[in-house]
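The values are calculated or read from the model by the stated rules, or taken from the named source; none is laboratory data. This structure is a prediction, so every number in the text was calculated from the model and none was measured. Note that each Cβ is placed from the backbone with ideal geometry, even for glycine, and that neighbours are counted across all protein chains shown. For the accessible areas, the whole protein counts, side chains as well, though only heavy atoms, and no ligand, DNA or RNA atoms are used. Shrake-Rupley method; radii C 1.70, N 1.55, O 1.52, S 1.80 Å.
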Amino acid sequence: MTRSDLVEELATRFSQLTHRDAEHAVKTLLDAMSDSLVRGHRIEIRGFGSFSVNRRPPRMGRNPRSGESVAIPEKRVAHFKPGKALRESVDARTEELLTATLSR
């Protein structure tokens, strides 16, 4: 699902929202989440999952063309850990789809 798909789904589910309002709501939510992660905070959405920032230490890598060593600097990356309810829901629905596809 892309950002525009999310906006379309929101506008469809809530008929009182215009497309522009749905787009603004999605942008506001994503901006707030990004800002929170930039500040180093953790985001937890019960039943869905949590977002946090992980540190990747500096390391030595290789240039695939020349084979020479390259220093890769430290990075901070966003990390998502799905919640138990989401994991179970995805597992159950995937199994249902797989069973329905195989029984055809």
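Hey, could you check segment 6-27 for residues that are open to solvent by 70 Å² or more (accessible area, probe 1.4 Å) and under 16 Å from the mean Cα position of the chain (by Cα) and say which is nearest to PRO82 (Cα to Cα)?
Once the filter is applied, the top-ranked residue is LEU6.
Tally the residues that are outside any helix (DSSP H, G or I) and among the β-branched types (Val, Ile, Thr), restricting the search to segment 73-104.
So the answer is 1.
Between a first residue in segment 54-70 that is of a type in the set (Val, Ile, Thr) and a second residue that is outside any strand (DSSP E or B), which pairs have beta carbons less than 8 Å apart while being 6 or more apart in sequence or on different chains?
Pairs that qualify, where the first residue is of a type in the set (Val, Ile, Thr) and the partner is outside any strand (DSSP E or B), are VAL70/ASN63.
Just to be sure, is LEU37 at pLDDT 95 or above, open to solvent by 60 Å² or more (accessible area, probe 1.4 Å) and not charged (D, E, K, R)?
no
Mind checking which residues of segment 40-72 are open to solvent by 90 Å² or more (accessible area, probe 1.4 Å), in contact with a Lys or Arg (Cβ under 9 Å, 6 or more places away or on another chain) and in a loop (DSSP other than H, G, I, E, B)?
Result: GLU68, single match.
Taking segment 87-102 on its own, how many of its residues are hydrophobic (A, V, I, L, M, F, W, C) and either open to solvent by 90 Å² or more (accessible area, probe 1.4 Å) or over 23 Å from the mean Cα position of the chain (by Cα) (or both)?
Residues in segment 87-102 being hydrophobic (A, V, I, L, M, F, W, C) and either open to solvent by 90 Å² or more (accessible area, probe 1.4 Å) or over 23 Å from the mean Cα position of the chain (by Cα) (or both): 4 in total.
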